[in-house]
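Notes follow the structure.
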Amino acid sequence: MRGGAAMTYRNRHIILGTDWWTDCDDVAAVRLVCRFAKERKWQLDGVILNACMPYSAPSLEAFLRHEGITCPIGIDPDAVDFGRNPPYQKNMAETLGGTLRNEQCEDGVSLYRRLLAAAEDGNAELLEIGYPQVLAALLTSPPDDISPLSGAELVRKKVKHLWMMAGNWEKDGHGKENNFARNTRSSHGAHTVLALCPVDITFLGFEVGVSVFAHPKPDEDDPLYRAFRDHGSEKGRCAWDPMLILLALSDDPAAAGYDTVRGLASVDADTGENFFDHSPENPVRCDRYVIKHMPDAWYEEQMDPLLMP
């Protein structure tokens, strides 16, 4: 996958949504996003925080800067109800000198609308590795001074594809997973996104990444390793989010080591359970979830060298 990737990624524009929450796999994913942006395989237009904790913005801004990337950061300031307080964020902000405060960030929906309004038609890709309520609010947003289009119309016109680390699809497309089912905010958001999204969605589910591990090199000078250490995962962590980034980069699930199942996904608004209709009538789009067709070690061998500082 790495050897043949660089040929096709010029002029790809991505917007990343992340909870940047308690788990350290988001940090691994952001390193990959930044690495590929520096290698000009795509352009990172912005990052949207869909969980809000005291050190969310300063830690993310500082890590992006450490990775050599500067881009706008949006946030959902109301998303404070996911629980827990990750130690890596405070340590990262203080160690790397993060100065951006949460209240200085643009509202997440506003930033999505501004970035999409400026994008070429059909050229933006959305990568989501966190909670879906900001995407839901984007899709239901009305026309405003940023764009005369509604959010759903803006996505239909500007977005090529939505890539999501979410759901658990191993039981013929039915399951339950944190990003969809954490709380009412996430389950209602997931239901809205899957009901209204006008572009195709590719899902990498819980079952795909739970047995594949990301292993940062033990290096106390590396903020990625320190984040894993602070999480208690210095020997490795389930690789859900970085696997989604590599899948999106490939733009070809088969080349990235996956089979796909096609149909139409949905989520129960109350429970967050995901479902998959394999033969929908008059589908609004063509969704797919991926199934590994390589051993777990193969994915780790693709990923770990790319996580090096």
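Within segment 65-86, restricting attention to residues that are aliphatic (A, V, I, L, M) and in contact with a strand residue (DSSP E or B) (Cβ under 7 Å, 6 or more places away or on another chain), the residue that is nearest to Leu116 (Cα to Cα) is Ile73. Screening segment 248-262 for residues that are under 15 Å from Asp200 (Cβ atoms) and in contact with a Ser or Thr (Cβ under 7 Å, 6 or more places away or on another chain) and picking the one that is most open to solvent (accessible area, probe 1.4 Å) gives Asp251. Considering segment 121-138, and only residues there that are farther than 21 Å from Ser187 by Cα and free of Cβ contacts under 8 Å to residues at least 60 places away in the same chain, the residue that is surrounded by the most Cβ atoms within 10 Å (Cβ to Cβ) turns out to be Gly122. Selection of first residues in segment 289-309 that are part of a helix (DSSP H, G or I) and of second residues that are among the hydroxyl-bearing types (Ser, Thr, Tyr), restricted to Cβ pairs under 6 Å at least 6 apart or on distinct chains, gives the following pairs, ordered by first then second residue: Asp296/Ser211.
The lone criterion from (1) among the β-branched types (Val, Ile, Thr); (2) in contact with an Asp or Glu (Cβ under 7 Å, 6 or more places away or on another chain); (3) within 24 Å of Cys286 (Cβ to Cβ) left unmet by Val212 is number (3).
Does segment 122-138 hold any residues that are farther than 13 Å from Leu16 by Cβ and not in a helix (DSSP H, G or I), and which are they? Listed by number, the residues that qualify are Gly122, Asn123, Tyr131, Pro132. Inside segment 242-288, residues that are in a helix (DSSP H, G or I) and of a type in the set (A, V, I, L, M) make up a count of 7.
If you filter segment 51-82 down to residues that are in a loop (DSSP other than H, G, I, E, B) and among the hydroxyl-bearing types (Ser, Thr, Tyr), you find that the one that is surrounded by the most Cβ atoms within 10 Å (Cβ to Cβ) is Tyr55.
For segment 12-25, check the following and say yes or no: at least one residue is surrounded by fewer than 17 Cβ atoms within 10 Å (Cβ to Cβ) and out of contact with any His (no Cβ under 9 Å at 6 or more places or on another chain). No, every residue in segment 12-25 fails to be surrounded by fewer than 17 Cβ atoms within 10 Å (Cβ to Cβ) and out of contact with any His (no Cβ under 9 Å at 6 or more places or on another chain).
If I filter segment 89-103 for residues that are at pLDDT 95 or above, touching a strand residue (DSSP E or B) at 6+ places or on another chain (Cβ under 8 Å) and of a type outside the set (A, V, I, L, M, F, W, C), do I get at least one hit? Yes: one or more hits. Screening Val47 against (1) of a type in the set (A, V, I, L, M, F, W, C); (2) farther than 24 Å from Ala181 by Cα; (3) open to solvent by less than 10 Å² (accessible area, probe 1.4 Å) leaves a single unmet condition, (2).
All of Leu194, Leu246, Leu224, Leu204 fail the test of being more than 29 Å from Val80 (Cβ to Cβ) and of a type in the set (A, V, I, L, M), apart from Leu246. The C-beta contact set for segment 208-231 (first residue under 22 Å from Gly257 (Cα atoms), second residue open to solvent by 10 Å² or more (accessible area, probe 1.4 Å) and part of a loop (DSSP other than H, G, I, E, B), distance under 6 angstrom, 6+ apart or interchain) comprises Phe213/Gly236; His215/Gly236.
Every condition in (1) in contact with a Leu (Cβ under 7 Å, 6 or more places away or on another chain); (2) on the phi > 0 side of the Ramachandran plot holds for Arg84 except the one numbered (1). Do we find a residue being within 19 Å of the chain's Cα centre (by Cα) and either small (Gly, Ala, Ser) or over 25 Å from Leu307 (Cα atoms) (or both) anywhere in segment 85-102? No; the residues of segment 85-102 include none that is within 19 Å of the chain's Cα centre (by Cα) and either small (Gly, Ala, Ser) or over 25 Å from Leu307 (Cα atoms) (or both).
The values are calculated or read from the model by the stated rules, or taken from the named source; none is laboratory data. The shown structure was predicted, so the numbers you read here are calculated from the model rather than taken from an experiment. Virtual Cβ from ideal backbone geometry, glycine too; neighbours counted across all protein chains shown. Side chains are part of the model used for accessible areas, which takes the heavy atoms of the whole protein and leaves out ligands, DNA and RNA. Shrake-Rupley method; radii C 1.70, N 1.55, O 1.52, S 1.80 Å.
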